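The numbers here are math on the coordinates, done by the rules we state, and not lab data. Since the structure is predicted, the reported quantities are computational estimates derived from the model, not experimental observations.
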Amino acid sequence: MYNSNSIYSTEHFEQRSSGNLQSPSYSARTHNQPQEPTYTDFNKPRYSGAFNTFFSLKCHGKKAAIELKPSLTRSSEWETVMIEAAISVGTRQYNWAEKISIQITKTELPHVISTFLGIKQAFEGKSHGVNANKGFSLAWQSRSDNSPMILFVCVTEGGKPAMAVPVAGFDAMMLGHMACVQYIRNFPGLTTDACIKSLEIMARHNI
């Protein structure tokens, strides 16, 4: 049932928590590597990339919320996205002051785009942050009532509870579009069609 107080329905998340939802049999591709520094110059306006200032996309669940926003690496000025998550502290209230922030790396970004857009079924990134104790996972899952699949986004940091949010298909598509727009900015002349075709080919070869 759709919750009118939330951007996204969370009924399927509650079903999964109660054990009524069967997890599909697949293994997420994992990246475990050093991360590039995050762009954190607080003396400059928030980076907006190809979008308007302060543009972002948020997904709210009953137990947590996530936000995707444009980002830029400090060392190489690579256009990417940042995923942030906050735990729920009440109805439509989230503790963004204690959020988990993860900048998607150059090598992770194509996998993230592919998973948001449903080209890949799952992806996982590990060893983020100064202490290499942050991570995220994206996984498409079926529901027991044969209704449309949903994307579970889970963000973690050592010492904090995991923050998982169910994202409906079209909302995941919008997250993918945002990440794709940022990715293309790194390659002048690259079209969206060429980018998506490349991602499909790579996924077909399980790369």
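So what is the diffusion coefficient of segment 91-159 in µm² per second by Stokes-Einstein at 20 °C and 1.002 mPa s, using a Kirkwood Rh over Cα pairs? Spell out each step's value before the answer.
Working: Rh = 13.6 Å.
For the chosen part, D equals 157 µm²/s.
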Fill in: P(r), alpha carbons of segment 28-204 - 5 Å bins starting at zero, rounded %
1, 8, 17, 22, 22, 17, 8, 3, 1, 0, 0
